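The values are calculated or read from the model by the stated rules, or taken from the named source; none is laboratory data. Since the model is a prediction, treat every value here as computed from it, not as a measurement. Quick reminder, even Gly has a Cβ in these numbers, built from the backbone with ideal geometry, and neighbours come from all protein chains shown.
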2 protein chains.
Amino acid sequence: MTDTDRLSIGDVAKVTGLGVHALRFFEREELFLRPIPRTAGGQRVYEPADVEWLLLCNRLRESGMPIATLKRFAALVRSGPGNEAERLALLEEHERAVRDKVAELTASLEIIHGKVVIYRQHVEEGTAAGLWSPASSA
Amino acid sequence: MTDTDRLSIGDVAKVTGLGVHALRFFEREELFLRPIPRTAGGQRVYEPADVEWLLLCNRLRESGMPIATLKRFAALVRSGPGNEAERLALLEEHERAVRDKVAELTASLEIIHGKVVIYRQHVEEGTAAGLWSPASSA
DNA sequence: GCTTGACCTAGATTGCACTCTAGATTTTAA
DNA sequence: TTAAAATCTAGAGTGCAATCTAGGTCAAGC
């Protein structure tokens, strides 16, 4: 409960990479696990736990979770113990989505890399026109 | 040069999954490798090569290439042989971006899966409140 | 005390990539 | 031949996720 752990919105922006606008937006969208307290003057006072939550949010967002889903997850966590099965279902669903995305990207990578290899060969052999007859022109 | 290979916009929508609106949008954005010819009445007439290009476009788009970049790539291909080094650079750059994205997703997956495992244990052991003291509440 | 920088709110704007609308025309099938 | 289905254009609208603006207020250092 030391006061040295209190963080301004600017501090939080710095450590989370989120930008003060985004942090206020997150709050409007009820993405935090608690109401962020204010100073007498009305300025937000964060704690390390808020930062940790935001870092998890970043992971979930970067891996493609929409704000709406993150919002549902935050609401579940906020409402305390007893809904762990729902949280689990949400996370499992997201994990599946991410695995699917990785599989899709990996499939795309093979095609893209194939093209890269072909172009690389072509460029290495000289760019003189007409020496190369690709199946497709791209 | 058989006429049986001529496709309407609806046909192309069906086989590419792209939707007629998107196809018209792609054309406005100059994402095709050639001007799509029209019937006497003004309706678009596609050929299989257009479909193949669109399937590649889908791969590139799904793997995160912005329309603007796809546009540049299309312009390079359209302008014929001689710029293969540029096309290669563009594709290599995209390949790098996709590999980075896969790495990021994989890292996120580990964290998400870790949470899933913890929640799964907890839910399996019974959801009675208070039995579980997670480091973080999420 | 005062300046300077950080912060406040509510609401407008941005950027991307479609997606849809309205009203007309063309094509296909019965 | 005619009704229904598909297509046409130009431009407006949508959804997401911020991001910025204007007009202030607050707080820290000199």
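For the subset of the stretch A:1-29 comprising residues that are assigned to a loop (DSSP other than H, G, I, E, B) and either within 12 Å of DNA strand D (Cβ to nearest atom) or surrounded by 13 or more Cβ atoms within 10 Å (Cβ to Cβ) (or both), which member is nearest to the other protein chains (Cβ to nearest Cβ)?
Only one residue tops the list, namely A:Gly17.
If you go through the stretch B:58-66 one residue at a time, do you hit one that is away from DNA strand D (no atom under 12 Å from the Cβ), of a type in the set (Gly, Ala, Ser) and farther than 26 Å from B:Arg96 by Cα?
No, the stretch B:58-66 has no match at all.
Across the stretch B:56-70, what is the total count of residues that are assigned to a helix (DSSP H, G or I) and in contact with a Ser or Thr (Cβ under 7 Å, 6 or more places away or on another chain)?
3
Between A:Glu92, A:Glu86, A:Glu52, which is closer than 23 Å to A:Lys14 by Cβ, away from DNA strand C (no atom under 15 Å from the Cβ), part of a helix (DSSP H, G or I) and within 10 Å of chain B (Cβ to nearest Cβ)?
Being closer than 23 Å to A:Lys14 by Cβ, away from DNA strand C (no atom under 15 Å from the Cβ), part of a helix (DSSP H, G or I) and within 10 Å of chain B (Cβ to nearest Cβ) holds for just one of A:Glu92, A:Glu86, A:Glu52, which is A:Glu52.
Of everything in the stretch B:119-134 that's under 21 Å from A:Ala49 (Cα atoms) and out of contact with any helix residue (DSSP H, G or I) (no Cβ under 9 Å at 6 or more places or on another chain), which residue is modelled with the lowest pLDDT?
In this case the residue turns out to be B:Gly130.
Keeping to the stretch B:15-45, report how many residues are out of contact with any Lys or Arg (no Cβ under 7 Å at 6 or more places or on another chain) and within 14 Å of DNA strand C (Cβ to nearest atom).
Matching residues across the stretch B:15-45 total 20.
Criterion first (surrounded by 14 or more Cβ atoms within 10 Å (Cβ to Cβ), more than 8 Å from every other protein chain (Cβ to nearest Cβ) and more than 18 Å from the chain's Cα centre (by Cα)) does A:Leu76 satisfy it?
yes
Could you list all residues from the stretch B:1-14 that are within 22 Å of the chain's Cα centre (by Cα), within 13 Å of DNA strand C (Cβ to nearest atom) and in contact (Cβ under 8 Å) with a residue 12 or more places away in the chain?
B:Ile9, B:Asp11
Quick test of your reading of the structure: A:Glu62 fulfils all but one of (1) at the interface with another protein chain (Cβ under 8 Å from one of its Cβ atoms); (2) surrounded by 15 or more Cβ atoms within 10 Å (Cβ to Cβ). Name the failing condition by number.
The number of the failed condition is (2).
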